[in-house]
Every structure is written in structure tokens, then in C-alpha cells.
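One structure is given here, and the rest of the page talks about it.
The values are calculated or read from the model by the stated rules, or taken from the named source; none is laboratory data. Bear in mind the structure is a predicted one, so any value in this text is a computation, not a measurement. Quick reminder, even Gly has a Cβ in these numbers, built from the backbone with ideal geometry, and neighbours come from all protein chains shown. Note: areas computed on protein heavy atoms with side chains; ligands, DNA, RNA excluded. Shrake-Rupley method; radii C 1.70, N 1.55, O 1.52, S 1.80 Å.
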Amino acid sequence: MKPLAPEKLRFTCDPEKFKFDHTGTLPALKEVVGQNRAIEAIDFGVNIQNFGFNIFVLGPGGAGRTSTIREAIEKRARQMPTPDDWCYVYNFNDPDEPNAITLPAGKSKLLEKRMNKLVRELQKAIPSALSSEDYQKEKNNIMQQLQDKQNAELMAVDKKAKTMGFALQKGPMGFLLVPIKADKPLTPEEYDKLSAEDRKQLDEKGAILREDLNKAIQNMRNYEQEVKGSVEKLERDTVKFAVGHLFNEIRQEFKGFGDVIDYLNQAENNLLENIDDFKPQDGQDGAKSLIPASSVSASAYDRFRVNVIVDNSEVTGAPVIVESNPTYNNLIGRIDKRSHMGALFTDFSMIKAGALHHANGGFLIIEAEHIFRTPFAWEALKRTLKNQSVKITDLSEEYSFVSTKTLEPEPIPLKTKLVLIGDTRIYYLLYNLDSEFRELFKVKADFNTRMPRTKANELKYAKFLSTRCCSEKLLHFDKKAVARIVEYGSELVSDQKRLSTRFADICDLARESNYWARQKNHRLIKREDVQKAIDSKRYRSNRIEEYMQDMITEGTIYIDTKGSKVGQVNGLAVLGLGDYSFGKPSRISVRTYLGRSGVIAIDREVKMSGPIHDKGVLILSGFLNGKFGNRSQISMSASITFEQNYEGIEGDSASSTELYGLLSSLSGYPINQAIAVTGSVNQSGEIQPIGGVNNKIEGFYDVCNEFGGLNGEQGVMIPHTNVKNLMLREDVVEAVRKGKFHVYAVKSVDEGIEILTGITAGKARKDGSYAKGTVYHAVVERLKEMNELLKDKDNDNDKEKDKEKEKDKEG
């Protein structure tokens, strides 16, 4: 077979197809490139308003997921109404459960401003009203009336007491009735000298007077209660007259907002019913601080303030919130606490909003991977979406075995479209393992990593570069540089007919190309600058690759690139190091010998291989038995191994390589060591496509180039179906063009073995035999020979057993 022509090894973009000289003359790109399916899903998810139609954006990083979803959402958000504000106020009926109030955008800040002004005016108006001359005069009149009534009651008792020989005196323990004689109090000695009859008369009179005194005292107490009520009414009337217009002004301004009116009515009633709380205490000018039993710490005036948690006054359309740290508190909100003398206190003013509050009425975007790194956040998010309301709960209270009293703010209704961004693995794990996920995320926006390489898409690449150059102030690209970028897009996906949609990588290459162009003082970025950026990036990452090549050239790792050997083939593998992958040749050796064990993979026996590789080894037995075992049983043993392999092996891309080594060992025809092999094989002998074909070819090319140089015989054999994936480096293509290196594309084992051995594989005749001088004829003959030898050996064993039996009988 002839090797592939250089033109087959790489797609080359012709810069002359572009009608521009450089990207500076192109208009900016206003669309998302290559993601029509994802865009349609996003548009659907953004516009549908039914429950559960939240969006999960899946795809690899760098494919424009976040920028695309934000652009689509912001476009839709601008067309939507601005949602209402939300604020919390003091609950005068139950301070532990603050009330939530919603107002049109901007109104909550106005209410907060008005209530703060009200507090300032109350702090002046109440002390002033209660210290006014009119108030003090009226209060004094009331108190004087009380004094007069009390004096009248006492005078009446005193007058009656005197007529009955008693005097009314005031002592430390209250009022006393004392008997008198000659206008003087009767002493105990004088009282004892009285006759029994006189003492009896005094006692009877004293009892009557004490009853009158008790009635008088009770009347005095009644007068005090009446006066207290009068003073309280005076205070209420005075304070209401002083501050009532302040509340009325706010009521008038917020007329039509029932929740606000109810709150203002409760606030005014609370003020009038608790005037003592607002009086200056201990020489202070303001109201005293309270620490209620509910652990809510707030001054009396602070009850009238407003805690605005969501202010949409400066929002145009619906909000679009990107939460980069989706912890429990950052999503749901939190209740802060303050420390006072070793104790923690809180109140409604320390309620803080979460991302869900700020995104209410709009959109919330979260990276899925981030939310699973924080405890309890995912469950809280799902609960909020299902309940369609946000309830701020202290995390320590929710998951603690010990309950402590704290605030329980009123839940806020939620109407938010949630967008999760993650890779495919996370999406399908959630879909299969979390039943609630399917209920809540019914829209999947699947981002692709590649798109067809059409003229239109190549032009979009150029427009994308133009847009990026303008936004980041980079030098513009000439059309040859654009052509090289387009080729790089095909290199990223290893496909001559497709381009990569991972524009993050394209952006990085544009920035690095700009750096090298400026280093050379170019006015435009040229093709050589782009190539320099590609080569420099590879050089920064390929230290391990060079180290492996050095080990091969030094002879530490055994690889032959010249000559021929039986049962030995150069296989090709790809090593991935995260940001960089490269091809590494590996020697595969096969030994065949008498036995009935079949094909034994040494790496499998010692558990150094994965299931896919093991499957490939078992396929070898299927091919051999199907090809050569139709007329007679195959009896043989073969061992296969990757030489100098000290790590695990996975994948079936070496199965055809192992088969070639097996056929070589059986036939005795040596394999050309200048040709490395990759490709999987099925039981029919068809060569199947593999991954990493470019890395594998380039890896063997570099080894040959460094290990004695290219001699015109070296090359790589790949599956025919991988030709479309070839995007080889230009130096490899140039070596092929000069005849120094070759790439063969094969469809079957027959074609491959002919290239490797230079001997015709052979075609089966009707009787199943093969022509002499072919590889398969030699294989059949060797298998026959092994069968005969095994039969002879079996016969000899049988004879030995018969002799032993005869000896046993004679014994």
C-alpha cells in the first residue's frame, strides 16, 4: 500500500478565501458561534414561566457557557419588569417574627428614609411635648385635684375623730388614730389607769373611726387611679397631638399600600400605649434601651426603623445575579448577632438578604461544582425552589440538637429562574441519583465543543478575533494569521472537517500571539506570531515528553526504529498530563509456544490492565479461531506484554498491534521496526478508529527524528477511519512531503500485516488453505505443526500411563 499523500495529513486553510486584509476591517461578532442547540434551549428556558423549568447548562469549560447564558439572560431580563423591593419591619404583635413588606422598586428606600426621619422627629417631639408649659400646667391641675380630694377625705376623718376623743396622726407605717385627753395624746400608762368601762368605750370608738379611715384611704387610692388614668390620657393626647401629623404624612405618602398603613397604625398605637418607653431616662435625651425576654435587643425608637434587604431602585429590568460563592448563608440569607456583656442578641434590623432575595423576580446563575463544595447549600436551594419562598433560618438552629430562641422572619415569596452551569458528569449524576433534580431542572442546554468547518464559520472565527482584539486592545490579525487560527481550531478537535467551539482556548492563543507580535514590533499579528505562540505553549508544557524521548535515545527505554524482528511491534499510547498530551511509543513483544493456554496477556494476569484492554486481548482469540480454527482446533499458547510498563494499561488501541505481533511470532516473518502501529481490531479483522491519533504519530516522529534521524523508512500505521482526524504538525507534514516519514492508513489486518512484513497476507481458498509464501500460510503451517507435536506428546503421555498401569497390575 502507498502511504498517505501530504495533503491528507492536515487541513490547510487558504488565506486567499478571505475578502479582508486584516480583522480590523471586520464588524464585531454579535452572535454565539456553533451553539444553536444550546441557544434554543436557553431561550426556551428563559421565557417559559412554569414551575420547575430551571436551566442546567452543561458542557466543558471554555465553550462559552457562562458568557452565552449571561448574554441570553441579560437580553431577556432587559425586557422584563423591575421586581419589587423587600424590607423587614418590627412585628409589634410578636417581636420574634419580623414582618416582610414588599413595595415597588425604590419605594422601600423612601419608606426607610421617612421612618428614619420620623424617629429623629419623635426623639425631639415627645420630650418637648411632655415638658411643655401647657402639659405641665394641666398635669399639675390634675395632681392638685387629687391632693384636694385626698385632703378632704383626711379632714373629714380627723374632724370626726376629734369629736370622739381621737386625733389622726401620720406615722412611718401610715395613718394612726390616737386617743387624746386635754388635747394631748393619751400615753400607754394613762390608758392602763383608765377603768375597764372607759377603755371599752375608747376601743369601740376607735373601731368606728378605723373603719372610716379605711374607707377614706380606699377612696384616696381610687382617686389616685382616676388621676393616673387622667395623666395617661393627657400624655396620650399630648403626644398624639405632637406626633400624629408625622404619622399621617407618611400614611398619605404611602396611601394604597395596605401593609405599610397597617404597620404605621401598629407603630403609632405602640407608641401611644408605651409612652414611658420613650421618656428620657437617667438624664438621657433619648429613649431607654430594652432587652426583651425574647432576646431581641432594640431601643424603643428602633422599632420604627425599616430594614431594606432588597433595593431595586437602580435595577433596570429584572436582576441577573451571578453567585460565585454559593454558601448556605449567601444563598438563603442570614441573621447577624451582636455581643453584649458576653451574651448574643439580635433583632429584625440584622436580617441580611441572600442571593435568592436579590435575584427574586429575575435570574440567579451558579456554578454547579461550587454549590456542592459547601455543606447544606444544595438541599436548602432545592427546598426553596420547591416551596417557592425564601425562609431565612439560622444554620446552627436548623441542624443543631439544642434549640435556642432566635428570630423567625416571615418567608418571602420567590419567583426566580435558576441557572446551574456544570459539566456533563455532574448533570447525569444529579439526574440519575437525585429525583428532585428532574423535577426542578427541566431544561437542559447542552453546549457542543465542535462545529462544522464551513466558510461561514471560518468567517465567524475571523469576526470573533476582531471582536476580541477590539475589546482587549490587541493587535489585529492579518488574513494569513486568521487562517492559522482556523487551522488551530481544527487541531483542537482533531478533525479536518470541524472547528472547536472552545473559544477560551482561541482567546488565549490570540493573547499570546499578540505578545509575540509586539515583541517583534509588528503592526499586525502574522502567521509566524501565531505559530510562535503555539510552539512556545508546547515548549512550556512538554518537559515530561522530552524526558521520555531522552530515555529512549539514551537506551533506557527499549525502542527500535530500524531493522526487523519477529514478534516485536512498536505500539503507540497517549499520556495525558492535564493541560498537555503526547504520544509515547511502547515495545510490545509476543512469544508463542506449545500449549493449550491460548493468548495470555501478562499485564492482565498481574492486574495492570483495565477492562477495555482485556476485552481487546480476548478479541485476538476470537480473530484467530475465526480465521484459522474453522477446520481444526487451534492448540497453542502465546504471551503478550508491554515491555517496560510500570503503570496501568487501558484502552483497546493496541489490540491490532498485539495481533500483528502474534501473527509475526506464528508465521516467523519479522516486523519492520521502523513502523509504529495504532488501532483497535474486531473479530473480523477490521481496523477500528482510535483517539489521540495526532499525538501518537507526532510522538513516534519525534522519537525517530531524535533517535538516529529520519531515514525515509520510518512511519506510522493508523486506521483508515482516522484519516479525517489528522491535523499533524507542519514539520511532520513537511517530512512526509520530502519522503522522510510516512503515514499508512489501513482498513484490515490483512493490509497491516503486509505493510509491516512486506509479505502478502494471503486469501483463503475454498478448502481454507492459503498460498505458499503468504503470512497466513505460514501461520496455518505453524499451528498444524503445534497440533501434531501436541498430539505426539499426548500419545507419548498415554503410553507412559499404560506402562505404569501394567506395572501396577504386575505388582
Looking at region 614-632 only, could you name the residues that are open to solvent by 70 Å² or more (accessible area, probe 1.4 Å) and in contact (Cβ under 8 Å) with a residue 24 or more places away in the chain? 615, 630, 631
Condition test on residue 112, is it in a helix (DSSP H, G or I), in contact with a strand residue (DSSP E or B) (Cβ under 7 Å, 6 or more places away or on another chain) and within 30 Å of residue 84 (Cβ to Cβ)? yes
Kindly indicate the residue of region 155-170 that is touching a strand residue (DSSP E or B) at 6+ places or on another chain (Cβ under 7 Å) and part of a helix (DSSP H, G or I) and also surrounded by the most Cβ atoms within 10 Å (Cβ to Cβ) among those meeting that condition. 161
Does region 33-58 hold any residues that are within 24 Å of residue 382 (Cα to Cα), surrounded by 15 or more Cβ atoms within 10 Å (Cβ to Cβ) and among the polar types (S, T, N, Q), and which are they? 54
Restricted to region 348-362 and to residues being part of a helix (DSSP H, G or I) and of a type outside the set (A, V, I, L, M), the residue most open to solvent (accessible area, probe 1.4 Å) is 358
Conditions (1) touching a residue at least 60 places away in the same chain (Cβ under 8 Å); (2) assigned to a helix (DSSP H, G or I); (3) surrounded by fewer than 17 Cβ atoms within 10 Å (Cβ to Cβ); number of the one not met by residue 61: (2)
The residue from 455, 415 that alone is basic (Lys, Arg) and touching a Gly at 6+ places or on another chain (Cβ under 6 Å) is 415
Among all residue pairs at least 6 apart or on different chains, which show Cβ distances below 8 Å where the first residue, located in region 782-806, is open to solvent by less than 100 Å² (accessible area, probe 1.4 Å) and the second is modelled with pLDDT of 75 or more and part of a helix (DSSP H, G or I)? 782/666; 782/667; 783/628; 783/666
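For (1) within 30 Å of residue 272 (Cα to Cα); (2) surrounded by 14 or more Cβ atoms within 10 Å (Cβ to Cβ); (3) not acidic (Asp, Glu), each residue gets a yes or a no:
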residue	(1), (2), (3)
151	no, no, yes
175	no, yes, yes
184	no, no, yes
193	no, no, yes
199	no, yes, yes
217	no, yes, yes
223	yes, yes, yes
238	yes, yes, yes
For region 25-45, state whether one or more residues are more than 38 Å from the chain's Cα centre (by Cα) and either part of a helix (DSSP H, G or I) or at pLDDT 90 or above (or both). yes
For the structure I just gave you, tell me whether residue 689 is in contact (Cβ under 8 Å) with a residue 24 or more places away in the chain and more than 39 Å from the chain's Cα centre (by Cα). no
Among the residues of region 105-138, what is the count of those that are under 22 Å from residue 316 (Cα atoms) and open to solvent by less than 50 Å² (accessible area, probe 1.4 Å)? 6
Based on what the data block shows, is residue 563 open to solvent by 20 Å² or more (accessible area, probe 1.4 Å) and closer than 24 Å to residue 656 by Cβ? yes
Within region 724-779, restricting to residues that are among the hydrophobic types (A, V, I, L, M, F, W, C) and more than 57 Å from the chain's Cα centre (by Cα), the one that is surrounded by the fewest Cβ atoms within 10 Å (Cβ to Cβ) is 771
Test of understanding: among 207, 152, 156, which residue is touching an Asp or Glu at 6+ places or on another chain (Cβ under 9 Å) and closer than 28 Å to residue 222 by Cα? 156
Any residue at all in region 612-622 that's out of contact with any Asp or Glu (no Cβ under 8 Å at 6 or more places or on another chain) and among the aliphatic types (A, V, I, L, M)? yes
Whether any residue in region 433-455 is assigned to a helix (DSSP H, G or I), without any contact (Cβ under 8 Å) to a residue 60 or more places away in the chain and open to solvent by less than 60 Å² (accessible area, probe 1.4 Å) is what I want to check. yes
Based on this model, can you work out whether residue 365 counts as within 20 Å of residue 83 (Cα to Cα), hydrophobic (A, V, I, L, M, F, W, C), in a strand (DSSP E or B) and open to solvent by 10 Å² or more (accessible area, probe 1.4 Å)? no
Within region 107-140, track down each residue that is at pLDDT below 90 and among the polar types (S, T, N, Q). 123, 128, 131, 132, 136, 140
Kindly check whether there is at least one residue in region 459-467 that is over 26 Å from residue 69 (Cβ atoms) and of a type in the set (Lys, Arg). no
Hey, does region 481-492 have a residue that's within 21 Å of residue 38 (Cβ to Cβ) and open to solvent by 20 Å² or more (accessible area, probe 1.4 Å)? yes
Which numbered condition residue 678 fails, given (1) closer than 23 Å to residue 732 by Cβ; (2) among the polar types (S, T, N, Q); (3) open to solvent by 10 Å² or more (accessible area, probe 1.4 Å): (3)
If you take the residues in region 552-576 that are of a type in the set (S, T, N, Q) and touching a residue at least 40 places away in the same chain (Cβ under 8 Å), which one is nearest to residue 541 (Cα to Cα)? 553
Filter result for the condition that a residue is within 23 Å of residue 760 (Cα to Cα), modelled with pLDDT under 90, under 51 Å from the mean Cα position of the chain (by Cα) and of a type in the set (Ser, Thr, Tyr), over 656, 621: 621
For region 629-668 the number of residues that are assigned to a loop (DSSP other than H, G, I, E, B), farther than 15 Å from residue 783 by Cβ and of a type outside the set (Asp, Glu) is 7
Keeping to region 582-613, report how many residues are among the small types (Gly, Ala, Ser) and surrounded by 18 or more Cβ atoms within 10 Å (Cβ to Cβ). 5
